[in-house]
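Since the structure comes first, as C-alpha cells, the remarks are kept for the end.
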Amino acid sequence: TSKNDVGFKKIIMKPVFPDGLQLVNASYKSVYGLIKSDWKNNIDKLEWAVSIPANTAATIYIPANSADEIFESGKSAVTNKNIKFIKMDNGAAVFEIGSGNYLFIRNKNFKKGILKDEFIFNNAVFPESHAATIAETPGGLIAAWFGGTKEGNKDVCIYTSTFVNNNWTVPVKVADGIINDTLRYPCYNPVFRFQKFHPHCLQECKLWQQYLQE
C-alpha cells in the first residue's frame, strides 16, 4: 500500500518473477475488499490477472522492455482509456489502474526461438557456478561450466552434464587443475568446440590430458 494514502486506498503491486517459478496465486482481504494477484510466467509470455476492490486504485509494475509489449484483455494497455501508463522504471512498465478485474499479458518476442527453458541441476556440491557452455554432439547435448567457491580460487573445477532420455544427468567433475601434490591451478570458462579429429590436434590434446580426469 502507498505510504502517502490511507491504508489500501492506493495499492502498489510490484511482484518478483524469479527464474524457475512459473505460477503464483495470491490474495489479501483489505478493508475495501479482496485484492488478487495471479500470474503465470512461461517462456513466451507473462500472464497476470489482477483484481482491485471498489473505491481504490493501484500502481502496477510489469517487466518489459517497453510499454508497447503490454496488452490488457487482448488490447494494447497504452491505448486503453481505463489504464494510465506512467513510466518505464528499471525494466518494468508502470501503470495506474482503477478498481476492477484485469488480465495483463506481456509477449516475450525475444524468446520465441527458445524451445525449452529449465535448470540442468537443482542441487550441487559447489556453492557457485558460472560460464555455462552447451554443444550438440552425435550422441546428444552436453553442457559444461565451472563450479567452486569463487572464480579464480583453486578449488574451482569443470563439470559436465549430458541430456539423456529427456533429462540432464547428475553433474560430473571432469577437470580439477591438479598437477601434483603441491601444485594446483584454478579452472576457468569451459568452451566446447566440436570438430573432426586432425593429427595437428594431438599435441594440444597431450597438453590438456594433465588437467582432465579419466
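Across the range 12-32, which residue is farthest from residue 99 (Cα to Cα) among those that are among the aromatic types (Phe, Trp, Tyr) and not in a strand (DSSP E or B)?
Among those residues, the one meeting the criterion is 17.
Does at least one position in the range 19-32 carry a residue that is surrounded by 19 or more Cβ atoms within 10 Å (Cβ to Cβ) and over 21 Å from residue 3 (Cα atoms)? Explain how you work it out, then say what you get.
Initial filter on the range 19-32 (surrounded by 19 or more Cβ atoms within 10 Å (Cβ to Cβ)): none.
No, the range 19-32 contains no residue that is surrounded by 19 or more Cβ atoms within 10 Å (Cβ to Cβ) and over 21 Å from residue 3 (Cα atoms).
Conditions (1) of a type in the set (Phe, Trp, Tyr); (2) under 19 Å from residue 35 (Cβ atoms); (3) at pLDDT 95 or above, marked per residue:
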position: 74; (1), (2), (3): no, no, no
position: 78; (1), (2), (3): no, no, no
position: 81; (1), (2), (3): no, no, no
position: 85; (1), (2), (3): yes, no, yes
position: 91; (1), (2), (3): no, no, no
position: 97; (1), (2), (3): no, yes, yes
position: 106; (1), (2), (3): no, no, no
position: 112; (1), (2), (3): no, no, no
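If you scan the range 33-46, which residues turn out to be in contact (Cβ under 8 Å) with a residue 60 or more places away in the chain and surrounded by fewer than 19 Cβ atoms within 10 Å (Cβ to Cβ)? I'd like the intermediate steps shown before the answer.
Step one: of the range 33-46, the residues in contact (Cβ under 8 Å) with a residue 60 or more places away in the chain are 43-46.
Those that are in contact (Cβ under 8 Å) with a residue 60 or more places away in the chain and surrounded by fewer than 19 Cβ atoms within 10 Å (Cβ to Cβ): 43, 44, 45.
Restricting the search to the range 75-96, which residues are touching a residue at least 12 places away in the same chain (Cβ under 8 Å) and within 20 Å of residue 41 (Cβ to Cβ)?
If the condition is that a residue be touching a residue at least 12 places away in the same chain (Cβ under 8 Å) and within 20 Å of residue 41 (Cβ to Cβ), then 77, 88, 89, 91, 92, 93, 94, 95 are the ones that fit.
Considering only residues that are farther than 26 Å from residue 7 by Cα, open to solvent by 20 Å² or more (accessible area, probe 1.4 Å) and either out of contact with any strand residue (DSSP E or B) (no Cβ under 9 Å at 6 or more places or on another chain) or in contact (Cβ under 8 Å) with a residue 12 or more places away in the chain (or both), which ones fall in the range 47-71?
47, 65, 66, 69, 71
In the range 82-97, which residue that is part of a loop (DSSP other than H, G, I, E, B) and under 15 Å from residue 15 (Cβ atoms) is most open to solvent (accessible area, probe 1.4 Å)?
Only one residue tops the list, namely 90.
Can we say residue 195 is open to solvent by 60 Å² or more (accessible area, probe 1.4 Å) and either in contact with a Leu (Cβ under 9 Å, 6 or more places away or on another chain) or modelled with pLDDT under 60 (or both)?
Judged against the criteria, residue 195 is not a match.
In this structure, does residue 59 turn out to be at pLDDT 90 or above and not in a strand (DSSP E or B)? Steps first, answer last, please.
Working: at pLDDT 90 or above: yes; not in a strand (DSSP E or B): no.
Taking the combined requirement at face value, the residue does not satisfy it.
What are the residues in the range 146-162 that are surrounded by fewer than 18 Cβ atoms within 10 Å (Cβ to Cβ) and touching a Ser or Thr at 6+ places or on another chain (Cβ under 8 Å), if any?
Within the range 146-162, 155, 162 meet the criteria.
Determine the pairs where a residue that is within 13 Å of residue 162 (Cα to Cα) and surrounded by 14 or more Cβ atoms within 10 Å (Cβ to Cβ), located within the range 116-144, has a partner that is at pLDDT below 85 and among the acidic types (Asp, Glu) with Cβ atoms under 7 Å apart, the partner being 6 or more residues away or on another chain.
Sorted first by the residue in the range 116-144, then by its partner, the list stays empty.
Taking the condition assigned to a loop (DSSP other than H, G, I, E, B) and under 30 Å from residue 60 (Cβ atoms), does residue 151 pass?
In short, no.
Of the numbered conditions (1) open to solvent by less than 40 Å² (accessible area, probe 1.4 Å); (2) farther than 30 Å from residue 144 by Cα, residue 103 satisfies every one except a single condition; which is it?
With (1) open to solvent by less than 40 Å² (accessible area, probe 1.4 Å); (2) farther than 30 Å from residue 144 by Cα applied to residue 103, the lone miss is (1).
The values are calculated or read from the model by the stated rules, or taken from the named source; none is laboratory data. Being a predicted model, the structure only gives us computed values, none of them experimental. Cβ: placed from backbone, ideal geometry, glycine included. Neighbour counts: every protein chain shown. Surface areas here come from the heavy atoms of the whole protein model, side chains and all, with no ligands, DNA or RNA. Shrake-Rupley method; radii C 1.70, N 1.55, O 1.52, S 1.80 Å.
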